[in-house]
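One structure is given below, encoded as structure tokens.
The values are calculated or read from the model by the stated rules, or taken from the named source; none is laboratory data. Remember, it's a predicted structure, so these values are computed and weren't measured experimentally. Here Cβ is always computed from backbone atoms with ideal geometry, including for glycine, and neighbour counts include all displayed protein chains. The area values use the complete protein model at the heavy-atom level, side chains included, leaving out ligands, DNA and RNA. Shrake-Rupley method; radii C 1.70, N 1.55, O 1.52, S 1.80 Å.
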Amino acid sequence: MMRTQITGLISALIVLVGAQVAAEAPETSRGPAPNPAVETRGPEFLAGTPENSATVVKTVWSLRPAPRPLGSDVLRPSARPTFQFSQASSQSSVVQAVFRPEPRPSGLQRVAIRSGVEATSVAVRPGSKLGYLCGDRDIIGVNLTRIYGSRPGCGIVAPIRVHTVSGVALSRPAIMNCQTAQSLKTWIEQSVRPTIGNLGGGVARIDVAAHYACRTRNHRPGAKISEHGKGNAIDISALTLANGQQLDVLRDWRDPERGKLLRSMHVGACGPFDTVLGPNSDRYHRDHFHFDVRGGRTICR
């Protein structure tokens with residue numbers, strides 16, 4: 001009987017404790033809140049519901065990317081072009097044909113070589129056009145970009161390409177520096193025009209035998225760099241008159257009448273130029289005048 005009483009007492013205590021715990025339990029669970037729904041219901045969802053009805057709007061925060069729209073292939077990068085190779089061609093030859101720049105016109109290189117100018121050295125200065133140069137309205141031509149020679153000692157920092165000087169045309173545009181161009185102007189105005197006067201209608205053109213060229217003196221191996229390679233020199237082979245007649249250095253130097261005029265203009269270059277050479281100097285100058293502004297002592301022969 002004693003055991004039965006003890007068992008009943010324990011059962012009563014268990015019932016009493018359970019009732020108290022149930023009374024103190026929280027109304028909401030302390031566990032994690034459920035994730036939001038996977039859809040968003042906006043104003044269009046509420047449009048058909050009564051005003052007083054209880055409506056729950058659930059918002060989604062999804063980290064998954066939205067599915068691509070139909071026709072999404074247009075958003076993919078286009079495929080690279082493919083090349084069709086024949087048995088006679090290889091992949092390397094086709095790639096070279098596609099990416100190699102077009103060759104330069106052959107005529108351009110020939111003209112540059114013939115004028116003694118390296119094809120890769122001469123370019124017109126951006127924004128330049130035919131006009132007066134060196135701050136002198138009597139020197140007409142084009143400004144060029146700096147010329148770098150192919151060997152030490154060659155090149156021109158501020159080259160110009162001269163077309164006419166004091167109204168006298170050059171037989172071909174000549175590349176030089178401003179000091180050479182200004183000396184050429186002085187020679188024309190102080191010697192050429194006074195010497196020729198109105199003969200044949202006056203001087204109309206100067207025939208240029210050589211101008212800028214990166215080379216040694218007289219093209220001799222091992223010699224010093226010529227003043228032509230520095231833009232300091234110009235060679236003149238003849239002067240053409242307005243009526244088409246010429247005073248040619250090679251042909252007329254020893255002529256009684258024409259030779260006298262040529263010798264007078266040769267001497268007249270001594271002063272405007274530092275070095276003046278002609279047919280009497282050596283065999284290298286028997287067919288032209290060589291004028292340069294190298295500086296230093298004056299050589300006139």
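Some observations on this one:
- J(HN,Hα) series, the stretch 247-252, from Karplus relation 6.51 cos²θ - 1.76 cosθ + 1.60, nearest Hz, glycine and proline x: 10, 9, 4, 5, 7, 10
- Counted charge near residue 294, where neighbours are those whose Cβ lies closer than 12 Å (Asp, Glu -1; Lys, Arg +1): +1
- Surface share of carbon and sulfur [accessible, 1.4 angstrom probe, percent] for the stretch 180-263: 45 percent
- The mean sequence separation of alpha-carbon pairs under 8 Å and at least six residues apart, normalised by the residue count of the stretch 187-244, gives a relative contact order of 40 percent.
- The figure for residue 199 is an accessible area of roughly 80 square angstrom, using a 1.4 Å probe on the protein chains alone.
- Unsatisfied cross-links (Cα-Cα over 26 Å) in the set 224/260; 185/230; 129/230; 129/224: 224/260; 129/224
- Amide H contacts of residue 209: 235, 236, 237, each under 5 Å away and 5 or more positions distant or on a separate chain (H built 1.01 Å from N in the peptide plane; Pro and chain starts excluded).
- Accessible surface calculations at 1.4 Å, restricted to protein heavy atoms, place the stretch 224-301 at 46 Å² per residue.
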